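In what follows, a single structure is set out as structure tokens and then discussed.
The values are calculated or read from the model by the stated rules, or taken from the named source; none is laboratory data. Not measured: the values here are computed from a predicted model. Using ideal geometry, Cβ is built from the backbone for each residue, glycine included, and neighbour counts are taken over all protein chains shown. The protein model used for the area step is the full one, side chains on, heavy atoms only, and it has no ligands, DNA or RNA in it. Shrake-Rupley method; radii C 1.70, N 1.55, O 1.52, S 1.80 Å.
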Amino acid sequence: QYCDKFLGKNHLLTAYEEIQRIKKEILKPPSKVLGLENKQGVIKVRVQVEKYYVDLKVKVFCKNSVDYPDGIIEVGIIETNLTKELEKSFLALTEARIRLHGDAQEVVDASMLEDRPPEKEAKSKMKKKVHPRKVVFQTAASKNTEAEMLQKQEERERERLKKLLEDSNRPKVIEPRIFIIVEFVYKELLKPVVESKCPCCDKKILPSDPKHCAKIPSKMKADRLYCGHFYHHHCLTNYLSNPPFDDECHICGAQISHHKFVDTKQQLEKRWAQKQARQREIEDLEDLFGF
């Protein structure tokens with residue numbers, strides 16, 4: 001009973017070695033531990049790169065320290081001198097990293113990888129009323145494209161299930177969750193955005209002085225791709241919307257994926273051609289009227 005009370009009041013007890021590892025490997029000056037609240041299971045740290053810093057608050061929800069690291073982890077940003085957009089992005093990405101670790105794993109069986117005949121769609125006895133003006137005719141080309149897309153989707157799903165099956169057969173490793181969060185914010189978010197240069201214009205993503213962050217124009221704000229690399233918004237827009245319409249990251253070669261850039265290559269080419277046609281019309285009118 002005494003041990004239960006002691007463990008219940010010291011939520012960070014089993015994370016002692018992990019916290020020491022954080023101090024040793026990540027929190028090198030000027031980064032530091034801001035405070036430890038053992039009873040509440042809270043650790044506050046400052047991760048800093050050059051003049052930019054992020055003050056993190058990580059809270060562990062456990063009945064006692066023995067339940068860690070299986071308990072719920074909550075993270076928040078106390079203070080930072082980054083832009084509001086980057087602060088929101090960092091917090092959302094860190095929460096996603098927590099969910100990626102904490103969510104229950106999907107149960108996968110080898111039988112799920114076996115080839116199965118396509119399921120027949122259940123035919124409804126009710127006749128559908130279709131307005132004559134709303135009838136859509138599907139061409140042979142669109143049918144082939146749809147079939148190819150479905151085939152690729154099935155292949156991706158099989159690869160995903162195969163990877164999950166391989167991972168499920170490996171022995172489960174208990175990850176140090178607090179360490180992972182602090183390391184993720186420092187190595188994957190703060191350090192790259194502060195130290196890296198835009199691959200398009202070769203200029204620093206952020207100004208050397210954080211005081212100038214408020215004066216950054218919207219076109220020069222940082223966009224983080226899903227591959228983890230940062231670009232200036234204006235540079236990335238020009239890179240994607242002008243010939244040769246490449247969609248590969250300059251650094252790693254991965255396909256550029258970002259929620260702000262969802263247009264396909266064909267749409268970008270069509271838009272660029274229309275823009276060039278309008279420009280030629282304006283030039284012809286200028287020559288005609290002698291402007």
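Computed over segment 202-269, the P(r) tail beyond 18 angstrom holds 40 percent of alpha carbon pairs.
Ranking of ASP202, ASP55 by solvent-accessible surface, largest first: ASP202, ASP55 (1.4 Å probe, protein heavy atoms only, all chains present).
ALA96 to GLN274: FRET efficiency via 1/(1 + (r/R0)^6), r the Cβ-Cβ distance, R0 45 Å, to the nearest 0.05?
The value I calculate is 0.75.
Scalar couplings 3J(HN,Hα) for segment 265-272, obtained by applying the Karplus form with A = 6.51, B = -1.76, C = 1.60 to θ = phi - 60°, are 4, 5, 5, 5, 5, 5, 5, 5 Hz; x denotes Gly and Pro.
Using a probe of 1.4 Å, the accessible surface attributed to GLU166 totals some 90 Å² when neighbouring protein chains are kept in position. Considering only Cα-Cα distances, which of the following residue pairs are longer than 23 Å: LYS211/LYS260; LYS24/LYS163; LYS24/LYS44; LYS187/LYS219? Where the Cα-Cα span goes over 23 Å, the pairs concerned are LYS211/LYS260; LYS24/LYS163; LYS187/LYS219.
Calculated FRET efficiency, LEU285 and ASP263, Cβ-Cβ r, R0 30 Å, to nearest 0.05? Please report the intermediate quantities before stating the final value.
Details: r = 29 Å, r/R0 = 0.97.
With R0 = 30 Å, the Cβ-Cβ based efficiency is 0.55.
Each listed q (0.26, 0.29 Å⁻¹) maps to a log10 I(q)/I(0) for segment 6-55, found by the Debye formula over equal Cα scatterers with no solvent: -0.96, -1.07.
Can you sort VAL193, VAL33 by 1.4 Å-probe accessible area, starting with the largest?
On the way: VAL193 0, VAL33 45 Å².
So the residues, ranked largest to smallest area, are VAL33, VAL193.
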